[in-house]
Structure formats: structure tokens, C-alpha cells
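Engineer: Encoded as C-alpha cells, here's the structure I'll be asking about.
The values are calculated or read from the model by the stated rules, or taken from the named source; none is laboratory data. Since we're looking at a predicted model, the values are computed, not measured. Here Cβ is always computed from backbone atoms with ideal geometry, including for glycine, and neighbour counts include all displayed protein chains.
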4 protein chains.
Amino acid sequence: MAMTGVLRPGHAQIRVLDLEEGVRHYRDVLGLVETGRDAQGRVYLKCWDERDHSSVILRQADRAGIDFFAFKVLDKATLDKLEADLQAYGVSTERIPAGELLETGERVRFEIPSGHQIELYAEKKAVGNGLQVLNPAPWTKASENGIAPVRLDHCLLYGPNIAAVQKLFTEVLGFYLVERVLTPDGAGNAAIWLSCSHKVHDIAFVEHAEPGKLHHLSFLLESWDEVLRAADIMSMNNVPIDIGPTRHGITRGCTIYAWDPSGNRFETFMGGYQPYPDYEMTTWSFDGLGSGGGLDYPQRKLHETFLSVVT
Amino acid sequence: MAMTGVLRPGHAQIRVLDLEEGVRHYRDVLGLVETGRDAQGRVYLKCWDERDHSSVILRQADRAGIDFFAFKVLDKATLDKLEADLQAYGVSTERIPAGELLETGERVRFEIPSGHQIELYAEKKAVGNGLQVLNPAPWTKASENGIAPVRLDHCLLYGPNIAAVQKLFTEVLGFYLVERVLTPDGAGNAAIWLSCSHKVHDIAFVEHAEPGKLHHLSFLLESWDEVLRAADIMSMNNVPIDIGPTRHGITRGCTIYAWDPSGNRFETFMGGYQPYPDYEMTTWSFDGLGSGGGLDYPQRKLHETFLSVVT
Amino acid sequence: MAMTGVLRPGHAQIRVLDLEEGVRHYRDVLGLVETGRDAQGRVYLKCWDERDHSSVILRQADRAGIDFFAFKVLDKATLDKLEADLQAYGVSTERIPAGELLETGERVRFEIPSGHQIELYAEKKAVGNGLQVLNPAPWTKASENGIAPVRLDHCLLYGPNIAAVQKLFTEVLGFYLVERVLTPDGAGNAAIWLSCSHKVHDIAFVEHAEPGKLHHLSFLLESWDEVLRAADIMSMNNVPIDIGPTRHGITRGCTIYAWDPSGNRFETFMGGYQPYPDYEMTTWSFDGLGSGGGLDYPQRKLHETFLSVVT
Amino acid sequence: MAMTGVLRPGHAQIRVLDLEEGVRHYRDVLGLVETGRDAQGRVYLKCWDERDHSSVILRQADRAGIDFFAFKVLDKATLDKLEADLQAYGVSTERIPAGELLETGERVRFEIPSGHQIELYAEKKAVGNGLQVLNPAPWTKASENGIAPVRLDHCLLYGPNIAAVQKLFTEVLGFYLVERVLTPDGAGNAAIWLSCSHKVHDIAFVEHAEPGKLHHLSFLLESWDEVLRAADIMSMNNVPIDIGPTRHGITRGCTIYAWDPSGNRFETFMGGYQPYPDYEMTTWSFDGLGSGGGLDYPQRKLHETFLSVVT
């Protein structure tokens, strides 16, 4: 099988300070589809074009941030194999029983050196994307509810030890390094973009003293016109925008960063190129992040919030 | 490694009736970059954002069509493994020595039941995409030379025995079936779209009596505006258009089909969704190809040329 | 005043074979806003971004077609002046009393040599576009109901004597000729595009034996992405498409022609350039309409229905 | 004639600190076409799709800014009539002889209460837009040289007494007020957008203590994709961006503000709606300019440079 191992980002559990306010944001403004609520009160949502039951799970809590970020793997044999590989590599893993998340099979959870909880799972109920399986239309009314991204695309996490994180993702989990920002002295990486596919990123990390922090959860749009529409909808709903609309030099993606009502940053973006594991990695100097256009290609500036505001 | 085995379409060798006329089309109108000519007189081209030496090779011949379509695989060990797997499956393979194509390593060639020559290879010189490796711009002037697609995306081939072809691609080469059109009686597949990645197609086949035929070679654009620009450029250069601009219901791709000066059909398209191997396949009824909007979603008609004109 | 005389197309009364079927098309698929029904049973609609009460009036009748096409003029003094000018030119005019159409002032109606009823009026109730007058948002939810064009833009009418029609529009009503298609012998005009503004057309005519025919009523979209969305929505609703999506060489507009349930053709389009009265007119040879790309720039063909199907 | 009086912005003479640096910017980066140089050393440029000889004239000087902004009027009779009207209104006018600007007829120059020099003229040599007059293509290679706007669209000027300016433009020159920003006390206008057409602005003013200042000269693009392309090209050429890409709430235009090498701000934008003289004016509160989204609809903030940086 050409696509093996880790397939893609599957779900993220996000902490919000007020659940209903969070639901209004993610469902009515961002335009995800609510697919369930569980006994703990968590709310499950998915992007309209995702096929599995849920990709964003909201949990009410005292502080914002991310509980865990999970990848779907090819099948149960892959899950077992990756668990064994993680343990052999020296990573402790925990099995979360099937059903702990609605419509989701067993998950293998582990902490990575940046202090984040990562999960792998092989099974989540296929609920479809609302289109017919026979002779489908290309989209439906639901595609225009709120911003309506097609999928949870990736996340950017902040924490310490990203060299060790990179090693774990590339040596055990089958990811490869697509782009990186060097440290000011050029001796190491200040930020890394990792892919398990031909997406320009399935997960990314920035070196940061405090462990386990969320920079943003990112959702994919299909055109630059949709990025403008997202900007308009954010403004109509008083969603505070951090940066954008603009283009990242890094990944070439065209983007808006904004904040949910609890202060968790999210991104709606389109585009970027499609790398393969045999591609030469792209390198940004530390200055390149700002004046080189890495963060904001048109404006070539390092917006102060990029390095300082996380949840 | 999450991306293993067969990575992507690598190159296609196309027969043209007049070499310089073909070069003018592929280089000056379609906007590929010419990267070399060999002792046999073959001309090598690549899309501007491709990293390897060449993806389209033009060979002058008495009749149009495709000589072979090749996939790049992860590495030499993968090449050996896939060759052994093919042989174990009962497929005869041939090793073409490194250098037979410029800047290209050894290729494993085999004929599939539809009568097409398919190749696998692991090595082709990385020549880059014309952007800096450090702090690159998102594109260059070369991105606006002619239609200027970003990559050779896939091909659609016509020939017999596509059930056997599907079995070979899915059981040996690691592809999965993304979409299909049923035969009129619904008992089999009249057309299949296969992926070795999360592209909606890396190769596709239509059941057809005559073996080894080319329906089209397809090139990826990045926006619907670029599809319009491609249509304008085709018209400016008297490139005859077969269908489009329009949207395929199948794959959701937004497309133009047109003919090169030798009568080989090519496609410039954008969009479509991104499937994964765990997705439920999409099925089109035979009528769905036409009136269901499979071929031309806006017009819901089966353009007569779709089933009858191949090279 | 720099904008004087005739301002813009104001309303068109269209005959439909079944009123409710027509309403469903124009309101729910095309996405106009229903603004009233009168004692005769006529249904009034407007595009979301139009400010006046109505631009499309549907009347149930035994045969499809257009009853009249009307222009709004600057003010009542202009209406009186243009009426006097028409009479002085030898055109009979009729005053239709205020209120005969809902929320519409007195209209001056006259027949032009092509056999069409044209109206001028100065007053129609301003109902706004649904946005606040203070600190408005750029659009609202209503902008995404159906295809949702921003305005009734122009119409194309078929009838005899278009040389006389051109003379009337340019010498009395203040229009100028923007583009034309020559007759096969080059001695006269087979088609004319006329503007009273810097729109590329406010009204257009094709020479045709039968008087008073409608080729299409045209609605403006704001992007090529919206043209694709319109194509998708037409297909979802089984609206038969005549031509497109494509670009007209004439006017450069990017377009779809389709039919309402009664067989009246309508257009949804975007773009085209903005001419001024001092611009040199653009001329198309008769062959240029087809092979010159006048009608369909990408495909350079004269779709047979263009010259033969009218209501 | 429905389009009478003042037709459109015709030319602007801009002061640059270094002529060749200015030419490189306006010709090679912005992508205007150089059409001539005169004995004084002034350089003449036009947008590719403009028909007349020149719209931007560069003059080398010690300080940046605008010398004059000119409108083309319908014909010489109109020029005489408007000159007489201005004088009757109490405005002194000066006749600049034909030929003082290359290929340009007599100009009527006058100073308005904001301290700006405004000109009217009726004649400028038609040089065409590089397309054939018979069966033209929709665009040419020149449309992709640099940012390549289609026209000089409008300017925004800063100076005192804009109430008097508004009175002059609306009572004498035939413009109408499309949008305005109120002063903080709501008693007057802090900014006004004026149209002589159905463009959302042909000229705009902001109340400002210092007379005769230029805020920006604005150039029209045809799509939001072209705005992104403009942003990329600016960054590739180290053009400093002030604001954007973003959408103005005012006019709904989608925009980038940036600076030429001499510090003159220019805008590249697309979109906005098309008003008519009978439309109700749109009003923005003074706070609406910032938090109401008037300047930057997505970000709802008043960028500090907007009110402070002019040349």
C-alpha cells in the first residue's frame, strides 16, 4: 500500500471557557457540523466534507488550549505496530478504550517531548459528507453554512524539545520534514513543518519554553475567494483576526489567523504546494520568518503575536 | 514511513507527429520548461513547480499516443520489492538501464492487461523548481509562461481488461479505487479512478476494445481563474478545445480537455477533493457519466468525443 | 450632472407558462428576492444588491417571452424631456399611470422598430439592499440564496430593423455603440451592443426576421468563482444550460446561458471591460462571431442555438 | 447623451525623488506601459487596457506628491461649458495649451479649496490597448507585465475645506456623493467619496489641515486572485505594503495600499459595488472608519498610517 501508517489528522480536543459560546463559534461561524454530545458534555463537530464522525471535540474547562491531537492510521494492525514501535523507541503509551470518544475506536495516546498529548486510532464511524454515494453533486447547502472549511488540516503546537519531536515523528511515525525555520544562530530548528502525506503540513511545531501549548488549529478552504469570504464572515461575527488575509511564504498557504471566543487561535487557509518525501526540504533563516516573508509574504514582517500568543 | 511504495506519476513519453510543433505546444503554449534533448532526438520537459528533471518526454513518430507512463517510487529498495511483487503476481518486467532517459535511473517496465507500458523508477535528477531553497518566493516569472501548470497530475488510459488492471494496481502496486463508473448492466466497471496518494486520481482507465490508447495526460492548475486563463491562452494559440471550461462531477475537478497539434488530448484542471484509502468509493451509474453530470456537471451531457476519440 | 438621461436597465416583464414554477426558478434557483404580487397576479422580484423595489416581473401567459424592458431615467424632468424627444423623432409614446406596476411611478412606453416595447420611468420605491445605511457589512446571508446575482444587467433582444433601433438609441436616448457584429457582406450590423453608461452593454440587439423576441435577460455576478457556483446550482436544480461556463470574446464577459422552465434564456455572467463614449467601437466580422471567438472565446464556435432559439 | 460632462479620471502627474527609480516602479513592478518622455524629462505611462496616451506622468522633484489630477470630459463644448460654469461659480481657471502634456489637448486647470490642482481636458490621443479592433482577444501578454492594472481608477486627496470641495464637485462638475465618514461630532464629513459615473469613486477626499496632499493613486485589478498576485509581486520587489490584502468596508473594494520608492502611496484594488446618482448615500460614523470596518473590514481597525501618512 502506497498510503500506509499514519494517514491524516483525525481529531483535536479543544478546551473552551464557555461551551455554548464555543459551539456557536465552531458550528455557526466556522460552519462545522455538530455530530453529537457525550455524557461528559463534550460537543463533537466535523467539517462538511470530512467522512468520519468528528474532527473537533469541544470540552468546557477553566483554561483554553488543546487536550490532545490525534491521527487516523490505516488499520488496526498499523495501530498495533506503531504502538509497539513507540514503546521500542522508549515512549510510554496508553490505550484509551473504544467509545471513550463517541463513535471512535481504541486510541493509543502518548506524550511527546514538547509536552503534547498525541493519539493514534484506526477506527471512527464513517458518517459521510452529506452527498450521495451514487452520482453525487459536488457540494451541498451545508458547504455554505458559515465559513465551511472542507477539513481539519493540521495544527501548529508550541513547546520545548522540538528536535526530539522531529526525531520521533520522522523515525517512528513515518513523517518527513517539509520546511523549517532555523534558530537565530543557525545551529538548530526554531520551527518545523512535518508531513505524513503530500500535504505541506500535517503537524508543525515551534520551539517554546512552556510545554503543551496550542498555536492554532487549521482548517482548509478551497480558494482565495473563500479566504475573503471567511474574513467577511469573521468580521460580521466580531471574530478577532490576528493576521491576514495574507500569504505565508512558508508553505505558500493563503491564510487568516483568528481567535475563537476562548482565545484559541484558529486558521482558515487555502493553497500551498504539495511536497513528497523525496523533495528537498525548504529552509528559512530566523530573520526569514519575518523580513524574508516566511510568516507574511506580502508584508514581510514578524507580527509580534505569532511568537507570543498561545493557549 | 507513511508515504511508501509508489509516490506519484513521474513521466510520460508522448508521440507527436512533428517534434518542433510539439515542443512549441508543450513549451510555449502549455508552458512547460524544456530541460533537455537526447541523442534519439527526444525532448524533455517539466512543469515549473516539479523538482525532478522531466515529466513529459516528446518523441516524434508516425502516429500519436503514449509510449509509456511512469511512477516514481520511494527508493531503490522499493523498486526492487515492487519488481519482485510484480513477477510473483505473474507480470513480466524489464529493466531499462539508467540513463536511457536523461537524468533518470533504472526503470522497471511492464505491460498491464489494458496493453499499456507502465514504468517504475526510483531516481531522477532533482533540478529544483527555480525557487531559492533558502527563504523562497512563492513563484517566479516562469509560473506565468504559457498555461504553466504546477505538475503532471495523472493520465486517463483506454484499453481492455480494466478489471484486471484494477486488481494489479490495488493488489500489487498499493493503489486504491476512488471513483468508478459502472457498466450499463451494472455488473462491472466501465471506468476506474485510482490513487496511490490522497490525490483523487494518479491514474484512471476506461474499458475500451483497442489496447494501449491514451485518452489524456492531465496537468494541475491552482485556481478556477487559472482554468479561464488556460482557456484564453488555448484560444489565442488556436488549440482546439474538446470540452470545457467545466466541472467534472467525477472527482469534482474543474477542467478543460483540449488537443495537442498531433491529436493527443490533454487536460488542464484544478480542484477536486482529497480522498484517503479508508474513504468509501464513489460510484457513478453508466448514465451518470452523462446525464448524472459525471463528465460535465453543469451541462449533464455525455460529449460524444469522450468515449470515441483517443490516440 | 455627469450621469444624466437614461441611467440603467430598471425592470423587465417576463412571460412564464406556469407562475409558481417561474417563481421557484427566479427566486429559489436564481436567488432573486420576491418583493410583491399584484392584483393581476404578477410576481415582483429584485436582485439582492439592487436598491429599487423590483427588476423582474413575472406574468403567467400562454407563451414565453418579454412584455417590455424598462430603463430608469434620472428624474421626472428627464422623463418628460425624453418623451418629448421621442415624439419629436416620430415615435409614438404612451403614458402608463403610476402604480400600474407596484411601487413604480409613471412610465413612458414606446415600440421600437424591432417590435419591442421599451419603457422609461423616473420613480420606483427605494427598498434598499438589506444592508444597514450606517456602517454596512459588504453582504448578507441573502447574497448566498441561490445564484444570487447583484443586478439585472442588460438584455439581448432579437428583431428586425436594428439599424433603426441603433439610430433611435444613439440619437434620442443617449446610448453609444460599444461593439457590433457585421453582416456576412460587411455592409451593415448583424448585432449591436449599446451602453448608456460605462457598462459594456445596457441593451443589445440581433437582426432577426420575427419582431419582439427575447434572446436573454442577463444578471451580473461578481467573480468567475461565482460563475462556477452558478453552473453547479443550475445543475443541482436541473436547469438546462445552453452555453458555458465560458468567456464571450464580445464584451470579454464570462458567462453561462441557460433556460428558465418556460424556455426563456437567461444569462449569469461576470466581468467584461468598462468602455466610455469616447472609446473606439469594437467590430466583429460575421465569422468572428463563431470562429473568431465572439460568442465563445475558448471554443471559437457558433453554437447553433445562439441564432435560432428565442422566445 | 446619458454619459455627459466629466467622464472619468484621465491623468495624474506624480512627483518622484528619482525618475528612473520611479519608472522602474511604475513600469516594471506596477506594470504600466511607458508611452513617452517629453523635453522636460517627464515620463508618461498608461495602464494596458486604457485607450488614451497616458494616465500617469512622473516628474522628478525634491519632494513627493501630486502636481495635478485631471478628468477627461466628453468633448470640447463640454470643456468650454464647465470652464464657464467654474468661473460663474467663482473659481479661477487657467488654460494650459495643447501639447504641454504629450498628445494631450488644452486643459482647464483650477485650484479647489483643499489646495489641489484639478484639470479638465477633452482630447488625448487614442493609442489603443494593444488589442486588435477587429475580432480582438480579451487580453495580451502585456496584461501580465508586473501587477498590470486595467486602469487608473481614482485618487484619494487630503486637504482642508472638503465641505466646499464637495459643493464644487456636486454643484458644478456633476459628481454625486456615494459614501462619507462623519466627523467625530457627527456634524460634518471627515471624508467623502465622489462619483461622476457608476464607479463607487472617481475621486475622494479626507479633511486634513495641510493643503494639497496625496493619500493615494488607485489602480483597478479584475479579481481577488489578482490582488494576491499583486501582493506577491510587491513582496518580490520589496515594495513596502501599508495595509492589505484586505477589504474596505467603505466601497466594499478589496485592496492593498503600498508605497512607491518616493513614498507616494498607491492602491491596487478590485471590486466594490456600482452606485447610481439615485442611490441613497452610505454613511460611516467616525468610529466606523476603524472599528466599524470602514477602512479594514476583516480587522476592524484604524491603521495609524491611514490618517497620518500623506505626500
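Engineer: From the residues in the stretch B:152-171 that are part of a helix (DSSP H, G or I) and out of contact with any Gly (no Cβ under 8 Å at 6 or more places or on another chain), which one is nearest to B:Phe71 (Cα to Cα)?
Structural biologist: B:Phe169
Engineer: Moving on. Show the residue pairs meeting these rules: Cβ distance below 6 Å; 6+ apart or different chains; first residue within the stretch D:185-213 and touching a residue at least 12 places away in the same chain (Cβ under 8 Å); second residue outside any loop (DSSP other than H, G, I, E, B) and of a type in the set (D, E, K, R).
Structural biologist: What qualifies is D:Asn189/D:Arg180; D:Ala190/D:Glu207; D:Ile192/D:Arg180; D:Trp193/D:Glu179.
Engineer: Just the residues that are surrounded by fewer than 22 Cβ atoms within 10 Å (Cβ to Cβ) and touching a residue at least 60 places away in the same chain (Cβ under 8 Å), please, taken from the stretch A:250-272.
Structural biologist: Residues satisfying the conditions are A:Pro261, A:Ser262, A:Gly263.
Engineer: Still on this model: Going residue by residue through the stretch B:55-70, is there one that turns out to be of a type outside the set (Lys, Arg), touching a residue at least 60 places away in the same chain (Cβ under 8 Å), farther than 20 Å from B:Ala204 by Cα and crowded, with 19+ Cβ neighbours inside 10 Å?
Structural biologist: No; the residues of the stretch B:55-70 include none that is of a type outside the set (Lys, Arg), touching a residue at least 60 places away in the same chain (Cβ under 8 Å), farther than 20 Å from B:Ala204 by Cα and crowded, with 19+ Cβ neighbours inside 10 Å.
Engineer: Filtering the stretch A:217-273 down to residues that are aliphatic (A, V, I, L, M) and under 17 Å from A:Gly65 (Cα atoms), which residue is farthest from the chain's Cα centre (by Cα)?
Structural biologist: Checked the stretch A:217-273; the qualifying residue farthest from the chain's Cα centre (by Cα) is A:Ala258.
Engineer: Taking the condition within 14 Å of chain B (Cβ to nearest Cβ), charged (D, E, K, R), closer than 28 Å to A:Leu30 by Cα and buried (at least 17 other Cβ atoms within 10 Å of the Cβ), does A:Arg42 pass?
Structural biologist: Criteria not met by A:Arg42.
Engineer: If you check D:Pro184, D:Pro149, which single one turns out to be of a type outside the set (Asp, Glu), part of a loop (DSSP other than H, G, I, E, B), at pLDDT 95 or above and more than 27 Å from D:Leu32 (Cβ to Cβ)?
Structural biologist: Checking each option against the conditions leaves just D:Pro184.
Engineer: Additional query: Filter the stretch B:101-152 down to residues that are more than 12 Å from every other protein chain (Cβ to nearest Cβ) and among the basic types (Lys, Arg) and give me whichever is surrounded by the fewest Cβ atoms within 10 Å (Cβ to Cβ).
Structural biologist: This residue is B:Arg109.
Engineer: Now for a separate question. Out of the residues in the stretch B:296-311 that are within 20 Å of the chain's Cα centre (by Cα) and within 14 Å of chain C (Cβ to nearest Cβ), which is surrounded by the fewest Cβ atoms within 10 Å (Cβ to Cβ)? Can you show your working first?
Structural biologist: Taking the stretch B:296-311 and keeping what is within 20 Å of the chain's Cα centre (by Cα), we get B:296, B:305-311.
From what is left, the residues that are within 14 Å of chain C (Cβ to nearest Cβ) are B:296, B:305.
Working: B:Asp296: 25, B:Thr305: 13.
Here the residue is B:Thr305.
Engineer: Take the conditions among the hydroxyl-bearing types (Ser, Thr, Tyr) and in contact with a Cys (Cβ under 9 Å, 6 or more places away or on another chain) and apply them to B:Tyr176. Does it pass?
Structural biologist: Here the answer is yes, as B:Tyr176 does meet what is asked.
Engineer: So which residues in the stretch D:93-106 are assigned to a strand (DSSP E or B) and under 30 Å from D:Leu30 (Cα atoms), if there are any at all? Steps first, please.
Structural biologist: Let us first name the residues in the stretch D:93-106 that are assigned to a strand (DSSP E or B), namely D:94-96, D:104.
Matches in the stretch D:93-106: D:Ile96, D:Thr104.
Engineer: Could you look through the stretch A:254-269, keep only residues that are within 12 Å of A:Val16 (Cα to Cα) and assigned to a strand (DSSP E or B), and pick out the one that is nearest to the other protein chains (Cβ to nearest Cβ)?
Structural biologist: That would be A:Trp259.
Engineer: Further question on the same structure: Consider only pairs whose beta carbons are under 6 Å apart and that are at least six residues apart or on different chains; among these, list those whose first residue lies in the stretch C:284-297 and is over 15 Å from C:Gly188 (Cα atoms) and whose second residue is outside any strand (DSSP E or B) and of a type in the set (Phe, Trp, Tyr).
Structural biologist: C:Leu295/C:Phe306
Conditions tested, residue by residue: (1) in contact with a strand residue (DSSP E or B) (Cβ under 8 Å, 6 or more places away or on another chain); (2) within 25 Å of C:Gln274 (Cα to Cα).
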| position | (1), (2) |
| --- | --- |
| D:Gln40 | yes, no |
| D:Ser54 | yes, yes |
| D:Arg63 | yes, no |
| D:Asp67 | yes, no |
| D:Lys72 | yes, yes |
| D:Ala77 | no, yes |
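Engineer: Identify, please: which residue in the stretch B:187-207 is away from chain A (no Cβ under 14 Å) and assigned to a loop (DSSP other than H, G, I, E, B) and is, among those, farthest from B:Phe269 (Cα to Cα)?
Structural biologist: Of everything passing the filter in the stretch B:187-207, B:Ala187 is farthest from B:Phe269 (Cα to Cα).
Engineer: For B:Asp225, indicate whether it is within 14 Å of chain C (Cβ to nearest Cβ) and out of contact with any strand residue (DSSP E or B) (no Cβ under 6 Å at 6 or more places or on another chain).
Structural biologist: In short, yes.
Engineer: Could you look through the stretch C:230-248, keep only residues that are touching a residue at least 12 places away in the same chain (Cβ under 8 Å) and part of a helix (DSSP H, G or I), and pick out the one that is nearest to the other protein chains (Cβ to nearest Cβ)?
Structural biologist: Filtering first and then ranking leaves C:Ala231.
Engineer: Has the stretch D:121-130 got any residue that is among the aliphatic types (A, V, I, L, M), modelled with pLDDT of 95 or more and outside any loop (DSSP other than H, G, I, E, B)?
Structural biologist: Yes, there is a match, as at least one residue in the stretch D:121-130 is among the aliphatic types (A, V, I, L, M), modelled with pLDDT of 95 or more and outside any loop (DSSP other than H, G, I, E, B).
Engineer: Just the residues that are closer than 14 Å to D:Arg8 by Cβ and of a type in the set (A, V, I, L, M, F, W, C), please, taken from the stretch D:48-74.
Structural biologist: D:Phe69, D:Ala70, D:Phe71, D:Val73, D:Leu74
Engineer: Further question on the same structure: Checking D:Lys213 against (1) surrounded by 24 or more Cβ atoms within 10 Å (Cβ to Cβ); (2) over 29 Å from D:Leu74 (Cβ atoms); (3) under 17 Å from the mean Cα position of the chain (by Cα), only one condition comes out false. Which one?
Structural biologist: (1)
Engineer: Can you pull out the residues in the stretch B:270-295 that are at the interface with chain A (Cβ under 7 Å from one of its Cβ atoms) and of a type in the set (Ser, Thr, Tyr)?
Structural biologist: B:Tyr273, B:Tyr276, B:Tyr279, B:Thr282, B:Thr283, B:Ser285
Engineer: Still on this model: Run B:Val165 past the list (1) away from chain A (no Cβ under 13 Å); (2) buried (at least 22 other Cβ atoms within 10 Å of the Cβ); (3) under 27 Å from B:Tyr26 (Cα atoms) and report the number of the one that doesn't hold.
Structural biologist: B:Val165 satisfies every listed condition except (3).
Engineer: Residues that are at pLDDT 95 or above, closer than 20 Å to A:Ser197 by Cα, over 18 Å from the mean Cα position of the chain (by Cα) and assigned to a loop (DSSP other than H, G, I, E, B): does the stretch A:280-288 have at least one?
Structural biologist: Step one: of the stretch A:280-288, the residues at pLDDT 95 or above are A:280-288.
Among the residues that remain, those that are also closer than 20 Å to A:Ser197 by Cα are: A:280-283.
Of the ones still in play, those that are also over 18 Å from the mean Cα position of the chain (by Cα) are A:280-283.
Next cut, assigned to a loop (DSSP other than H, G, I, E, B) only: A:280-281.
Scanning the stretch A:280-288 turns up at least one residue that is at pLDDT 95 or above, closer than 20 Å to A:Ser197 by Cα, over 18 Å from the mean Cα position of the chain (by Cα) and assigned to a loop (DSSP other than H, G, I, E, B).
Engineer: On to the next question. In this structure, is B:Thr251 assigned to a strand (DSSP E or B) and at pLDDT 95 or above? Can you show your working first?
Structural biologist: Values: assigned to a strand (DSSP E or B): no; at pLDDT 95 or above: yes.
No; evaluated as a whole, the condition is false for this residue.
Engineer: Go through (1) crowded, with 21+ Cβ neighbours inside 10 Å; (2) assigned to a strand (DSSP E or B); (3) not basic (Lys, Arg) and name the single condition D:Val227 misses.
Structural biologist: (2)
Engineer: Specify which of the listed residues (D:Phe169, D:Phe110, D:Phe175) is aromatic (Phe, Trp, Tyr) and more than 30 Å from D:Gly288 (Cα to Cα).
Structural biologist: Answer to the check: D:Phe110.
Engineer: For A:Ser235, are the conditions met, namely being of a type in the set (Gly, Ala, Ser) and either farther than 22 Å from A:Ile250 by Cβ or out of contact with any Gly (no Cβ under 9 Å at 6 or more places or on another chain) (or both)?
Structural biologist: yes
Engineer: OK, next. Could you check the stretch A:296-311 and list, in sequence order, the residues that are part of a loop (DSSP other than H, G, I, E, B) and over 13 Å from B:Pro138 (Cβ atoms)?
Structural biologist: Listed by number, the residues that qualify are A:Gln299, A:Lys301, A:Leu302, A:His303, A:Val309, A:Val310, A:Thr311.
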